[in-house]
Amino acid sequence: GAEGSYRIIQLPDDVAAVLAYLRTPENAERLRVNVDKLSLLGHSLGGWASLAAGSQDPDVACVGAMAPVNLGLWKSGLAQDDANAQRLLAYADQLFMLADFDSAVMRSELQAASMDELDTTRFGPGMEGKSVLLVTGDSDSVTPANTMTEPVSDAYDEVANLRLRTLVISGDHSFSWSRMSLTRVIMDWALADCR
């Protein structure tokens, strides 16, 4: 329902705008926000946005991603014209609710962006000092752990002073039958690392 043209690449900027809003003293007081303990949590493309924005904001305490997309893999897939890329383009053409967005716009955006902006494996250095949670479902065919989450986890393991939790739990991309388990995982992480 937001106004304006939808663009994937601007999602981290949108997250930054929300954080800036929450950090404004009058908003923080009115909304009872502890600006020293802000955390980000996103699912799928929102998981990518959470990781991208969290890596750019040194004051975010915790960053969580559930079944996160790696736009770097999407960019590579489009360059190779693989079957997953074709499925993704067809899906983009069905997103009628996103203003001024379709497969041509998505292809153009991903082709123009650098891998440093897109590839979640490269966001690790910006996560130093943070707690990061990566959760994927064991039956996720959209963002499978072996291609989307495990390479990210391996890259983040190399970053000093990054507290990383990587879990594969029962579930599909939407965690359809395991949302209570997912909720417990997120709450345990948040209570232990993000308060």
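If I filter region 76-104 down to residues being among the charged types (D, E, K, R) and touching a helix residue (DSSP H, G or I) at 6+ places or on another chain (Cβ under 9 Å), which single residue comes out as most open to solvent (accessible area, probe 1.4 Å)?
First, pick out the residues of region 76-104 that are among the charged types (D, E, K, R): 81-82, 87, 93, 100, 102.
Then drop every residue that is not touching a helix residue (DSSP H, G or I) at 6+ places or on another chain (Cβ under 9 Å), which leaves 82, 93, 102.
On the way: 82: 53, 93: 92, 102: 61 Å².
Ranking the qualifying residues of region 76-104, first place goes to 93.
Take the conditions modelled with pLDDT of 95 or more, among the small types (Gly, Ala, Ser) and outside any helix (DSSP H, G or I) and apply them to residue 176. Does it pass?
Working: modelled with pLDDT of 95 or more: yes; among the small types (Gly, Ala, Ser): yes; outside any helix (DSSP H, G or I): yes.
When the stated conditions are applied, residue 176 passes them.
Being modelled with pLDDT of 95 or more, assigned to a loop (DSSP other than H, G, I, E, B) and either over 22 Å from residue 53 (Cβ atoms) or in contact with a strand residue (DSSP E or B) (Cβ under 8 Å, 6 or more places away or on another chain) (or both): is that true of residue 140 here?
Values: modelled with pLDDT of 95 or more: yes; assigned to a loop (DSSP other than H, G, I, E, B): yes; either over 22 Å from residue 53 (Cβ atoms) or in contact with a strand residue (DSSP E or B) (Cβ under 8 Å, 6 or more places away or on another chain) (or both): yes.
Yes.
When only residues in region 143-158 that are of a type in the set (Ser, Thr, Tyr) and assigned to a helix (DSSP H, G or I) count, which is most open to solvent (accessible area, probe 1.4 Å)?
Of region 143-158, the ones of a type in the set (Ser, Thr, Tyr) are 143, 147, 149, 153, 156.
Narrowing further to those that are assigned to a helix (DSSP H, G or I): 147, 149, 153, 156.
Working: 147: 59, 149: 3, 153: 14, 156: 2 Å².
Step by step, filter region 143-158, then rank; the result is 147.
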Taking residue 69, is it in contact with a strand residue (DSSP E or B) (Cβ under 7 Å, 6 or more places away or on another chain) and either over 29 Å from residue 22 (Cα atoms) or buried (at least 18 other Cβ atoms within 10 Å of the Cβ) (or both)?
no
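Return the total of residues in region 159-180 being open to solvent by less than 50 Å² (accessible area, probe 1.4 Å), more than 11 Å from residue 130 (Cα to Cα) and not β-branched (Val, Ile, Thr).
Applying the first criterion (open to solvent by less than 50 Å² (accessible area, probe 1.4 Å)) to region 159-180 yields 159, 162, 164, 169, 171-173, 175, 178.
Going one step further and asking which of them are more than 11 Å from residue 130 (Cα to Cα), we end up with 169, 171-173, 175, 178.
Next, only the ones that are not β-branched (Val, Ile, Thr) stay: 171-173, 175, 178.
Residues that pass the stated criteria total 5.
The values are calculated or read from the model by the stated rules, or taken from the named source; none is laboratory data. Owing to the predicted nature of the structure, the values given are computational and were not obtained by experimental measurement. Cβ coordinates were reconstructed from backbone atoms using ideal geometry, including for glycine residues, and neighbour counts include every protein chain displayed. Calculation scope for accessible area: heavy atoms of the full protein, side chains included, ligands and nucleic acids excluded. Shrake-Rupley method; radii C 1.70, N 1.55, O 1.52, S 1.80 Å.
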